[in-house]
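K.L.:
Questions regarding the structure given below will be posed in turn.
The values are calculated or read from the model by the stated rules, or taken from the named source; none is laboratory data. For clarity, every value in this text was computed on a predicted model and none was experimentally measured. When we count neighbours, we look across all protein chains shown, and the Cβ atoms used for this are built from the backbone with ideal geometry, even at glycine.
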Amino acid sequence: MPICCTVKLGDNVGLHGRPGALLVDLARRNSETRIVLKNGGKEAIAASLLALLALGVGKGGEVVVEISGGKEEAIFDRVLAILLGEVR
Amino acid sequence: MRFNGIPGVPGIGVGEIIKYELLDVTDHIIRGGHNRSYNHDGSYINSWSDLVELGSKELAALIENMQEVQGSESEKSARDILNVQLEILNDPLLADNIIETVNKGVSLKESVKNGFAVWKKQISSLQDEYIKNRVQDLDDLEKRLLNILSGKSPSFLGLRTHVILVANELLPSELLQLDRNFLKGLVLAYGSLTSHTVLLAKAFGIPTILGAYPFIPHLENGKIIKINGENGEITDEMAGQDVVTGQNVFASWDEIHNQHKTNRQNKNKYCPRGVETADDFKIKLLANLDTLEEAGDVKRVGAQGIGLFRTEFLYLKYGKNFSQLEEEEAYAYLLQEFGASKVIIRLLDLGSDKPWADMSIPKETNPALGERGIRLLLKHPSILKRQIRTIFKAVIRVFNDSKKLITPPSLLIPMVTSFSQIEEVKNTISNIMQDFPLIKFPCIGAMIEVPAMALSLPVIAKEVDFISIGTNDLVQYGMAIDRLNPEMQTAWQEPGILRLLAMIIKEAKRLRIPLSVCGEIAGLKEGIVLLLGLGVRSFSMIPGSIPVMREYISKIEIRKVVPLVNEILKFPNKFSKKELVDVFCRMKD
């Protein structure tokens, strides 16, 4: 079941650096699933750190997360954890 | 002269100004002359994926270097920054863009510039300050890739003197490539507090001043200045004090500094030379080598040879993919540059704070007290044999048209904790030598790093040709203090340790076995004085320290130092600077 949801990032989490790298890693390990983040009219595949950076989402910002193609629930849980700052 | 910039990183720094853009032509650098990939000149790189592979290897190596001091916050920040760059390098969209451009017939170099430009534009137009600053990482990475394409490999820049680096801007990896032992401060024309370079400087504790553009023209190359990172002040007014430690008994900075100016003429020739003390004792100066890049430095500073080649860093750096051929090339390179008799190769010293993923080391509660050094290596005989075999192969490769028996480099056994280990190593070597009939049996040395072996010198001396005192570990095990603990800095000054050293040196003299000291104490002024007073005449240290030490030792009179050291050995507690000064002054009169 495809998932589409708006997520507010943790206060200390911005879409760059470590969180970005974690998302890229997640996307790489689940290459069949399409993971896309959107913000302000721009969209980015999670597999590209540059695209994620270019979304320009700072600490505590908001993104729309779209996941489709398999294992959506499990992957979304993981994405959520990263965006909320629960993964180091 | 007095200027005020914007405070960046607090702290006081004193040193000679070097302007970054003049780093290439200044005499201050001891640039690692070796291009890490000896046959790479960039021309054979045809595709983006080739470039990515090389760039990834470089970054991975830099990251591994940062892992030498585990758990240190500064190294961790440096690693994070480099990891992000590694991630960007492998970005699929960047790849698509560049490959597409290349397929249209554009050169790889231009395609790289284009691809990066696209993303730099996007990111620099963002609102978020922090993300916007990541453009610096893209610049850094782009520069690295363009350097690879033009055959320029980054090299470790050793510095000769204490330096305040003045630059318009500095990229993070440019900062990471500078010798932090000698970088005493940073003055940047621009720069922001959230830039990665400043964050790194903060992590490394390097006093930094930003916003210096109005007065940078007044900061002349070569001038000695003092910066205060707390209030942004830059001045050349200093109370006449030694800038190296702030208080000096034995020599003044100005004297050494002036000597340096006259010695800079010989920078291009390799003139290996030791030094004579003020009372004509001959002292040998050798260099510690961790990476091949520093080989150029070793030559620049005129070290008389390599007193310690820490081979484990080769393994740690290249990791799983370290092929025997690459290892052979590494040894061959050194043998070619310095000759076998001037190279001492230490067998792999892994374990403790240098775990190697490919070697299964059991999880221990006390790695420093567990499987490490030769103890570990002997548990993995295939790895030991591989290393020795590879060294011999390198010898054959370099000296293959010799008609007589070939002398191999000396081999040093790390962390010897029992005599039987020496026997085992020698037996292993003997067996391997049957396949190398043209090579003579190598000179074998033992690292004396544990008290038990210090007390067993008479037995050891019969089986080895030389000994090397590893002061870092000797102090660690002798004082039961973690070598990574900051208190280690002064732990060696405990008289008990000094007496232990005195005993080792005296025994070695009695047994007529050559002895050298490698270890951080040899790089400290007080350390050198004490060791000289105790009777050491051969030192191995990082190349960067050699020029200053050479000057320093030339001013020391051993006959004055010996009684000083004898006095100190009687102290109940660590000598303090003041006591040292007192005793010395009494002696002067």
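K.L.:
Can you tell me which residue in region A:19-45 is farthest from the other protein chains (Cβ to nearest Cβ), limited to those that are without any contact (Cβ under 8 Å) to a residue 24 or more places away in the chain and in a helix (DSSP H, G or I)?
P.N.:
Taking region A:19-45 as the starting set, the residues that turn out to be without any contact (Cβ under 8 Å) to a residue 24 or more places away in the chain are A:25, A:27-29, A:31, A:40-45.
If we keep only those that are in a helix (DSSP H, G or I) as well, we get A:25, A:27-29.
Values: A:Asp25: 9, A:Ala27: 9, A:Arg28: 9, A:Arg29: 14 Å.
For region A:19-45, the residue satisfying everything is A:Arg29.
K.L.:
Being part of a helix (DSSP H, G or I), away from chain B (no Cβ under 14 Å) and at pLDDT 90 or above: is that true of A:Val65 here?
P.N.:
no
K.L.:
Using beta carbons and a limit of 7 Å, which pairs, at least six apart or on different chains, have the first residue in region B:282-299 and farther than 9 Å from B:Pro543 by Cα and the second one of a type in the set (Val, Ile, Thr) and surrounded by 22 or more Cβ atoms within 10 Å (Cβ to Cβ)?
P.N.:
So the pair list comes out as B:Ile283/B:Ile553; B:Leu285/B:Ile546.
K.L.:
When only residues in region A:46-85 that are free of Cβ contacts under 8 Å to residues at least 12 places away in the same chain and farther than 23 Å from B:Gly115 by Cβ count, which is surrounded by the most Cβ atoms within 10 Å (Cβ to Cβ)?
P.N.:
Checked region A:46-85; the qualifying residue surrounded by the most Cβ atoms within 10 Å (Cβ to Cβ) is A:Ala81.
K.L.:
Looking at (1) surrounded by fewer than 21 Cβ atoms within 10 Å (Cβ to Cβ); (2) modelled with pLDDT under 85, which is the only condition B:Glu230 fails?
P.N.:
(2)
K.L.:
Taking region B:76-97 as the search range and keeping residues that are more than 7 Å from chain A (Cβ to nearest Cβ) and over 30 Å from B:Lys202 (Cβ atoms), which one is surrounded by the fewest Cβ atoms within 10 Å (Cβ to Cβ)?
P.N.:
B:Asp96
K.L.:
Out of region B:405-431, which residues are among the hydroxyl-bearing types (Ser, Thr, Tyr) and not in a helix (DSSP H, G or I)?
P.N.:
If the condition is that a residue be among the hydroxyl-bearing types (Ser, Thr, Tyr) and not in a helix (DSSP H, G or I), then B:Thr407, B:Ser410, B:Thr417, B:Ser418 are the ones that fit.
K.L.:
List every residue pair whose Cβ atoms sit under 7 Å apart, with the two residues 6 or more apart in sequence or on different chains, where the first one lies in region B:328-340 and is within 14 Å of B:Arg389 (Cα to Cα) and the second, anywhere, is assigned to a helix (DSSP H, G or I) and not hydrophobic (A, V, I, L, M, F, W, C).
P.N.:
B:Glu328/B:Thr390; B:Glu328/B:Lys393; B:Glu328/B:Arg397; B:Tyr331/B:Thr390; B:Ala332/B:Arg397
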